[in-house]
Amino acid sequence: MFGNYFKTAWRNLIKNKTHSSINIIGLSVGMAVAILIGLWIYSELSFNRNFQNYDRIAQVVQNVTNNGEVQTWTSVPYPLAKELRDNYGSDFKHVIMAASIGDHLVSFGDKKIKDQGFYLEKGGPEMLSLKMLEGTWSSLDDPSSVLLSATAAKSYFGNESPLNKMIKIDDKPFVKVTGVYQDFSYNSTFYGLNFISTWDFFYSNSEGIRTMDDPWRPNAFLLYVQLQDNADINKVSLKIRDAKLKKVNPQLAKKKPALFLQPMSNWHLYSAFKNGVNAGGAIQYVWMFGIIGVFVLLLACINFMNLSTARSEKRAKEVGIRKTVGSLRSQLISQFFSESILTVFFAFVLSILLVQLTLPFFNEVADKKMSILWDNPFFWSFCLVFIIITGLVAGSYPAFYLSSFQPVKVLKGTFKAGRLAAIPRKVLVVLQFTVSVTLIIGTIIIYQQIQFAKNRPVGYNREGLVSIPIMTEDIHHHFDVVKNELLQTGTITTVAESLSPTTAIWNSSSGFSWKGKDPNQSIDFGNASVSPDYGKTIGWEIKEGRDFSKDFATDSSAFIINEAAVHFMGLKNPVGETVTWWGKPFTVIGVVRDMVMVSPYEEPKPVIFNLSNEAGNVVIVKINHETSAKNALSKIEPVFKKYNPGQPFEYQFTDEEYAKKFNNEERIGKLASFFAILAIVISCLGLFGLVSFIAEQRTKEIGVRKVLGASILNVWNLLSKDFMTLVIISFLISMPLSYYFMQHWLQNYEYRAVLSWWIFAAAGAGSLLITLLVVSFQAIKAALANPVRSLRSE
């Protein structure tokens, strides 16, 4: 019986090629979108799940009260690890301190490269369940050992075994390679970490850390834990809440540090915090794109429903005859569902091809490394269920509608689908375009928010600025000589040294005090230590006072502060005021315009600049506008190689680094626009099919009208006005919906654009124009047809 259903379904598909093609193409595009989004969601939800102890690993983070708000910090002081082991050890299987996650200078033989790695306490490899290719987890128990990733081992030593080879990390003593581990997954927090050395080695070779007066003061390290199998993470989190508060000095206690455990399952999807409370994170995009995927697939299903029911009069006689010869309604419903499932099956095959073709582009936009899970039984089981559900959804309305025809009316020839029969189709068209227009409006608003932030005054001149990261002290010790040689090339106008690049603040301090400060107030200001020419190099704007200068010896005890700091401190005449820093007095000599150094979507934070004699992390140069960047870099590189031979020459254009701050939003905008375009394509495909069918259905009417003198414009108006009305209704519905959702989305940003009327007008006009083009093509084609042919049978 079922074989007969599918045989009949196949004949109907072949018989109505145009109708079938539109259905299959529309459904395949919708299914391709759903599969792409499904793969992306799977990638997001499976982030970090490759770790064996995934559900027992957590990071110790803290809420602190600063500048009148609760901030969430992922870094902690290093004595906290011992405190947790000593007083809360029964709750943890591992307590692991980590340091210096980031780029390091790795030397081996005569080669020197920059690579990413970190220092980890012993027990860390076991906690992270590293898959060892050579050596064992316990090999890291030797303080002077290092583990390499498979990629690093291959890069450093080729096909030779790296075991027992010696390498040097930064300016520290040599360490011995004692193991090789499989690279961390791309879908992992630790992706790209190519070496792991020991915490003990880091500590013993970091004099500043060993000799600091108060080791509980700096929050510069990461602390990971693995809970005991019987431990409850929420109870343990409450238990350790005040572990740091009990140890810090009275001044730091004003910050009210409150520890809690952030489970590994939340590191990626729930990483955002606001006022100490989790505010989501990547999970909001999982929901957003999941909903978009469902709606885009629904649009394709609506096309199938509309085109199937539009052909109701042509299928009416078939239904009437089947019922007359004894077919039950349930059998007819099964027949129509068979047709929809067969159509969906062909659409699915085409959608897999579309997914395979578009995955490289999609991966590039989404910053993923996804692939179709060809060898995953779960994937194919899911696809089977996906085909059946899509087939049932797409075929539900046609099946129940077409099977309801009365055979007496059909066979007498009195059956006619009246005006009421078209109402469900019109409702579905309105739903289609409501979703499409809402997606278009949302995409425009995302791009408007990005442009709004991009056009924000940044407080300095990014043009021609180049940052050169420094990992040794060689440049600092020869800074004046390096500066003179760079200036002599004629390609550089100014040079400065800084502990942080202009696009970030790497240091902060709570040790500032000033006249009128509330003694109970907890603060944390950004702190940038720079050389005298820093302001001149980046082109910051002095609002009051003056810049740093070598001509004033007293500038070693001077501060320049930004407008946000002035406002926060409540200083009416800031120049000349005294600000103490850990008890040492500094004089404010200048105020600079607020610079966007962190997020371009947030209000500027208070920042204090001071001169420093310490080696900087970055050298910033200003390229002469009369020379090309390529020429300037060719002159800069030999100077740095001459005075810093132990480090490969690398550079970063400041404008490019600033542009990276918009990567996430731009990625979301590109994905949203991609799906919005496909939604419009699917909607227009269905619209084209409907107009084609209606034009075919009204062929004789159009012929009569033309014979009686109707113009092409009259015929066009006849076929177009209903669809234009439906699109206008869709627009009116989508406006408040998109306004509500996008206004809610914009609340995630402190510095945000205002929703303008032109966005909604542009989206409405665009959708109306697209509809007009689609409808007009078929309407004009029908209007130009020779009426003699359509009326010949009469």
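Observations on the model:
- Nonlocal amide H pairs with F586, under 5 Å, H built at 1.01 Å: V579, T580, W581
- Taking the longest Cα principal axis of the chain as reference, the axis of helix 283-310 is set at about 10 degrees.
- Label positions at K239 and Q71, each projected 7 Å from the Cα along the C-beta direction, are separated by 3.1 nm.
- Antiparallel DSSP beta bridges within the chain, percent to nearest 5: 80
- Segment S371..V754, full-extension length gain: 134.0 nm, with 0.36 nm per residue of separation and the alpha-carbon distance subtracted.
- ³J(HN,Hα), Karplus 6.51/-1.76/1.60, whole Hz, each residue of segment 624-637, x for Gly, Pro: 4, 5, 8, 10, 7, 4, 4, 5, 4, 5, 5, 8, 6, 4
- Spin-label pair F382/I728, simplified geometry with 7 Å Cα→Cβ offset, distance in nm: 4.4
- Put simply, the amide H of K543, placed in the peptide plane, has neighbours under 5 Å in V591, V592, R593, leaving out anything fewer than 5 places away on its chain.
- Surrounding net charge for L227, when Lys and Arg each add one and Asp and Glu each subtract one, Cβ distance under 13 Å: 0
- Segment 604-642 versus segment 135-208: alpha-carbon centroid distance in Å: 31
- Those aspartates and glutamates that a straight Cα-Cα span of less than 17 Å connects to K642, excepting residues fewer than 8 apart in one chain: D110, E473, D474, D480, E485, E650
- Seen against the Cα atoms of the chain and their longest principal axis, helix 663-697 is set at about 0 degrees.
- Checking the cross-link pairs K122/K255; K93/K247; K517/K605 against a 20 Å limit on the alpha carbon distance flags K122/K255; K93/K247 as lying beyond it.
- When a 1.4 Å probe is rolled over the protein heavy atoms, the share of accessible surface on the chain that falls to carbon and sulfur comes to 57 percent.
- Toward the positive end of the charge dipole of the chain, with +1 on the Cβ of Lys and Arg and -1 on the Cβ of Asp and Glu, the farthest Cα among W582, G764, P263 is that of G764.
- The accessible-area ordering, largest first, of the residues T65, T654 stands as T65, T654, per a 1.4 angstrom probe.
- Residue order for S556, S599 - accessible surface, 1.4 angstrom probe, largest first: S556, S599
- If R0 is 25 Å, the Cβ-Cβ spacing of V277 and Q743 corresponds to a FRET efficiency of close to 0.75.
- Rolling a 1.4 Å probe over the protein chains gives L259 an accessible area of about 0 Å².
- When the alpha-carbon atoms of the chain are used, the pair Rg, Dmax equals 33.9, 107 angstrom.
- All aspartates and glutamates inside 16 Å of K176 as judged from Cα atoms, apart from same-chain residues fewer than 8 positions distant: E134, D141, D142, E160, D200
- Note on V294: accessible area is roughly 100 Å² with a 1.4 Å probe, heavy atoms of protein only.
- Interchain or long-range residues, amide H under 5 Å from E121's placed H: M97, W199
- Taking every protein chain into account, the accessible area of segment 35-115 amounts to 39 square angstrom per residue (probe 1.4 Å).
The values are calculated or read from the model by the stated rules, or taken from the named source; none is laboratory data. Since the model is a prediction, treat every value here as computed from it, not as a measurement. Please note: Cβ atoms are built from the backbone with ideal geometry, for glycine as well, and neighbour counts cover all protein chains shown. Protein only, heavy atoms only, side chains kept; ligands, DNA and RNA dropped before computing areas. Shrake-Rupley method; radii C 1.70, N 1.55, O 1.52, S 1.80 Å.
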